[in-house]
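Comments concern the structure below.
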Amino acid sequence: METKAWKDYELSRMMLGTVQFGLPYGVANRTGQPSADEVRDMVAAALEGGVNGFDTAAAYGTSEEVLGRALRELKAADRVVVVTKVRALTPAELGDRQLAVQAIRQSVETSRQRLGIDCLPLVLFHREADGRYLEELLALRDRGWLREAGVSCDNRPGPAAGYAAGGLAAALQIPGNLLDPRHARAGSFRTAAAHGVAVFVRSVYLQGLLAMPEADIPATLQGLVPVRRRLEAIAGEAGLPLTELAVRAMLSLEGVTCVLTGVETLAQLRGNLALFNQGPLPADLLAAVDAAVPELPEAWITPSMWPSLKS
């Protein structure tokens, strides 16, 4: 597994997303939430495959507890980088610093307990707007509760570059995939790299839409099918499945430290490991991918805006 240097770490290019460990998640989810034993087996396989980064959050159901238990059972907690996130602040907390400080401290303390890690390697604000309180996370860093702090950013470029250049965030989590190249085109990743800020790209499969059979794509997202077909054609000409094109394209972008992939099964985990081990795409293939994707309606490529996944 290829790695990237960041701070005192050598991070695996693949970071395992664990939202599925804590709740059923994703438009392509067909197996539901895995059991604790299944999670342990997946974490063990990830470690064996060279993965040392794991992404979770206070908002991911029981993910922190289940991941923490698996790492303890595998005696691996001290050799991995666990990234977790502060729960979203309420409107009242967002507007009142004292309330915000209390909420942030409580969320981080709860994550420490759930994960069983006294000093968390990296804590992000789960919501971009909450990043205005980054100094409060840094105060908890000074107390020894965490090592680094950052922000999970939204789909629209702009604020991410501000956080990257602001001098407080050590890492950013940013959405990006074949169908949503907005941050890549706006230079968010390059700006972060120029300031020594790590970038973890999430939503590489667009919640599974780039991995599922075309026949299973919900009616509300059918507008994406023609573009997906163009991408499938490019992948086919290169002798690649679309999932491999999706992963390797993100690995190819300047400034990307790690790419997150969530899994529900051991087979999916092993499949992702194989894709990551293929490395970045050739420059001409990456250029063809970029040329094939027009600017798409935000409602099609922003999962939080999807009106229905049932029709």
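Of the listed requirements (1) of a type in the set (A, V, I, L, M); (2) at pLDDT 95 or above; (3) in contact with a Phe, Trp or Tyr (Cβ under 9 Å, 6 or more places away or on another chain), residue 299 misses just one: (2).
Pairing residues of the range 260-280 that are on the phi > 0 side of the Ramachandran plot and basic (Lys, Arg) with residues that are part of a strand (DSSP E or B) and crowded, with 21+ Cβ neighbours inside 10 Å, at Cβ distances under 8 Å and at least 6 apart in sequence or on separate chains, gives no pairs at all.
If the condition is being among the acidic types (Asp, Glu), closer than 22 Å to residue 10 by Cα and at pLDDT 95 or above, then the range 52-78 contributes only 55. Before we move on, is residue 41 touching a Leu at 6+ places or on another chain (Cβ under 8 Å) and over 21 Å from residue 134 (Cβ atoms)? Considered against the rule, which asks whether it is touching a Leu at 6+ places or on another chain (Cβ under 8 Å) and over 21 Å from residue 134 (Cβ atoms), residue 41 comes out as yes. Considering only the range 157-178, state which residues are in contact with a His (Cβ under 6 Å, 6 or more places away or on another chain), assigned to a loop (DSSP other than H, G, I, E, B) and buried (at least 24 other Cβ atoms within 10 Å of the Cβ). Selection gives 176 alone. Residue pairs whose Cβ atoms lie under 6 Å apart, separated by 6 or more positions or on different chains, with the first residue in the range 59-88 and more than 18 Å from residue 153 (Cα to Cα) and the second charged (D, E, K, R), are 64/114; 65/114; 68/114; 70/40; 73/40. Mind telling me which of the residues 243, 220 ends up being in contact with a Pro (Cβ under 6 Å, 6 or more places away or on another chain) and among the β-branched types (Val, Ile, Thr)? The conditions single out 220. Any residue in the range 197-213 that is buried (at least 22 other Cβ atoms within 10 Å of the Cβ) and assigned to a helix (DSSP H, G or I)? For the range 197-213, residues buried (at least 22 other Cβ atoms within 10 Å of the Cβ) and assigned to a helix (DSSP H, G or I): absent. On the basis of being without any contact (Cβ under 8 Å) to a residue 12 or more places away in the chain and over 29 Å from residue 132 (Cα atoms), does residue 96 make the cut? No: the conditions fail for residue 96. Taking the condition crowded, with 20+ Cβ neighbours inside 10 Å and within 16 Å of the chain's Cα centre (by Cα), does residue 184 pass? Against the criterion (crowded, with 20+ Cβ neighbours inside 10 Å and within 16 Å of the chain's Cα centre (by Cα)), residue 184 qualifies.
Would you confirm, using the coordinates I've provided, whether residue 154 is in contact (Cβ under 8 Å) with a residue 40 or more places away in the chain, of a type outside the set (Phe, Trp, Tyr) and either over 25 Å from residue 249 (Cβ atoms) or out of contact with any His (no Cβ under 6 Å at 6 or more places or on another chain) (or both)?
no
Every test in (1) touching a residue at least 12 places away in the same chain (Cβ under 8 Å); (2) on the phi < 0 side of the Ramachandran plot is passed by residue 144 save one, and that test is (2).
The values are calculated or read from the model by the stated rules, or taken from the named source; none is laboratory data. What you see is a predicted model; the values in this text were computed from it and never measured. A quick note on method: Cβ atoms are made from the backbone with ideal geometry, for glycine too, and the neighbour counts reach across all protein chains shown.
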